[in-house]
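Structure first, then comments.
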Amino acid sequence: MLDPPTFDTALLQRYDRPGPRYTSYPTAPQFNAGFGEAELREAVLASNGDPIPRRLSLYLHVPFCMSPCFYCGCNRIITRDLARGEHYLVRLYREIAAMAALFDRDREVIQIHFGGGTPNFLSPAQLAEVLDTLRHQFTVSLSAERDISIELDPRFVSPADIGQLAAAGFNRASLGVQDFDADVQAAVNRIQSVDETLAIIDACRAHGFRSVNVDLIYGLPRQTLAGFARTLETVLRARPDRLAVYGYAHLPELFRPQKQIDASELPDAATRLALLQLAITTLTSAGYVYVGMDHFALPDDDLATAQARGGLHRNFMGYTTHADTDLVGLGVSAISHIGDTFSQNPRELPGWQHALDEGRLPVFRGMRLSDDDQLRADLIQSLMCQGEIPISALERRYDIDFEHYFAADLARMQPLVDDGLVRTGQGRIRATSQGRLLLRNIAMCFDHYLHQPANAPGTPGPRFSRAI
Ligand code: SF4
């Protein structure tokens, strides 16, 4: 059982520095152009040879959005031209067919997730058609544990649409809310009413969706404690199964839409922390379990039960209960994780389209993990999901002497030990209740790439959001 997080303002302020979110290790900036289509094909063929067929998770990226949210850091295209969705699907079907042909048919698909952008830019009929295509090309599981999930923008979907999505097979939904406060919504150009949002949650429940997630953001312009408290209270009335409460990362040089946010309206560092504390206190008092890295779940939700039995997993879609799958990313910018490789599709639409029009798999970069990468990926995965590093298990699995192998990393971690963020004992390193909000700071100690000279502080390396 993990300790619930405790909130130590001074410590959090001290450790609030930029770092990766570790939805993968190595992180995407380490991918390189030396890994292309041939390497991806080879990786799939090798994975087909596993003695026990490894199941598949499919991620489909829909890049279009109807309206620009100013805080957005996603890869998306703003348009109201619905024909663009139709054209996109032509290429997406080509990619699905090309990828599916590589996998043996005994590779069961246990999870399908539509992300964006705004997946419901596509109509329910189009989304149902995509699912039918996937069922035709892959072996999609019929088991009760299969997950077919979609990120929904409640402003552009109706309760009747939810009925059609359920009939098509969707059983999980994630709704973007961020904040219901009218001032905040105006500042970020996302006007979304409470009624339309709650009506979609109700419709998901009425149509038998297994789980509904709501995304909130703290640290947005004009956000106040009183306003955010009202938002939390409103959301809790609907009692979603899961909540994600992300910190807004203001990086306008990296994400151009953020230039439209008036930086003087952003809450100061103390208010940001107070907003996070408010969210944690409110949600845990309401019975939610803090799963880790911004995520909360009701105790009987699959995420919480998977964590309790050690079966939680983290990938580009966030936390998931389906460990030990190969991830197949489809669509512009999507990332695949097959065996010991990562590969990514072009981030811009023309590059992705062009490759498919030429009959190529649209891979523009990736990497094959070294033995050291795999060990560190395993370590970081365990830390992000279970809040601990299983020293003895890693020594057995990788035939290493942990203290010797990670001597430099453990030295880097010593200040965190001194500050009470981690504790060592009984063959494991464990995040304490103070350390649970700073998992990525702990993970950063074990990130080989972060400590290379090219990424040293003060050099122009990859830009990451802050920890809090
Ligand atoms: S936040 Fe979501 S809906 Fe808004 S522009 Fe970004 S991807 Fe689109």
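The values are calculated or read from the model by the stated rules, or taken from the named source; none is laboratory data. These figures come from a predicted structure and were not determined experimentally. Please note: Cβ atoms are built from the backbone with ideal geometry, for glycine as well, and neighbour counts cover all protein chains shown. Protein only, heavy atoms only, side chains kept; ligands, DNA and RNA dropped before computing areas. Shrake-Rupley method; radii C 1.70, N 1.55, O 1.52, S 1.80 Å.
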Between Val214 and residues 5 or more places away or on another chain, which pairs have amide H atoms under 5 Å apart, with H built 1.01 Å from N, and which residues are they? Leu175, Arg242, Leu243, Ala244
Within the chain, percent of DSSP bridges classed antiparallel, to nearest 5: 40 percent
By how many nm would the segment from Asp81 to Glu145 lengthen if fully extended, with 0.36 nm per residue of separation less the alpha-carbon distance? 19.4 nm
For the chain, what does the helix formula give at 222 nm: sum of -39500 (n - 2.57) over DSSP H segments with n ≥ 4, over the residue count, nearest 500 deg cm²/dmol? -11000 deg cm²/dmol
Between Asp262 and Ala286, what length comes free when the chain is fully extended (0.36 nm per residue of separation minus the Cα-Cα distance, one decimal in nm)? 5.3 nm
FRET efficiency, Arg205 to His451 (Cβ-Cβ, R0 51 Å, nearest 0.05): 0.60
Under the rule rounded for a/c under 1.5, else prolate if a/b exceeds b/c, else oblate, using alpha carbon gyration tensor axes a ≥ b ≥ c, region 30-184 is classed as prolate
Rounded to the nearest 0.05, what FRET efficiency do Ala323 and Glu39 have when you use their Cβ-Cβ distance and R0 = 25 Å? 0.55
Starting with the highest mean, order 209-216, 258-265, 423-430 by the number of other Cβ atoms within 10 Å, averaged over the residues of each peptide. 209-216, 423-430, 258-265
If you count, for each residue, the other Cβ atoms within 10 Å and average over each peptide, how do 53-63, 188-198, 144-154 line up from highest to lowest? 53-63, 144-154, 188-198
To the nearest 20 debye, region 27-327 has a Cα-centred charge dipole, built from +1 on Lys and Arg Cβ and -1 on Asp and Glu Cβ, of 80 debye
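Counting only heavy atoms of protein chains, what accessible area per residue, in Å², does region 27-327 have with a probe of 1.4 Å?
39 Å²
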Can you give me the % of accessible surface on region 27-327 that is carbon or sulfur? Probe 1.4 Å, all protein chains present, nothing else counted. 53 percent
Accessible surface of Leu410 - all protein chains present, 1.4 Å probe, nearest 10 Å²: 40 Å²
Which value, in debye to the nearest 20, describes the size of the charge dipole of region 327-468 about its Cα centre when Lys and Arg Cβ atoms bear +1, Asp and Glu Cβ atoms bear -1, and nothing else is charged? 460 debye
Would the chain count as rounded, prolate or oblate if I go by the C-alpha gyration tensor, calling it rounded below 1.5 in a/c and otherwise prolate when a/b exceeds b/c, oblate otherwise? rounded
Starting with the highest mean, order 94-105, 72-83 by the number of other Cβ atoms within 10 Å, averaged over the residues of each peptide. 94-105, 72-83
Can you bin region 314-390 into rounded, prolate or oblate? Criterion: square roots of the alpha carbon gyration tensor eigenvalues sorted a ≥ b ≥ c, rounded for a/c under 1.5, prolate for a/b above b/c, oblate for the rest. prolate
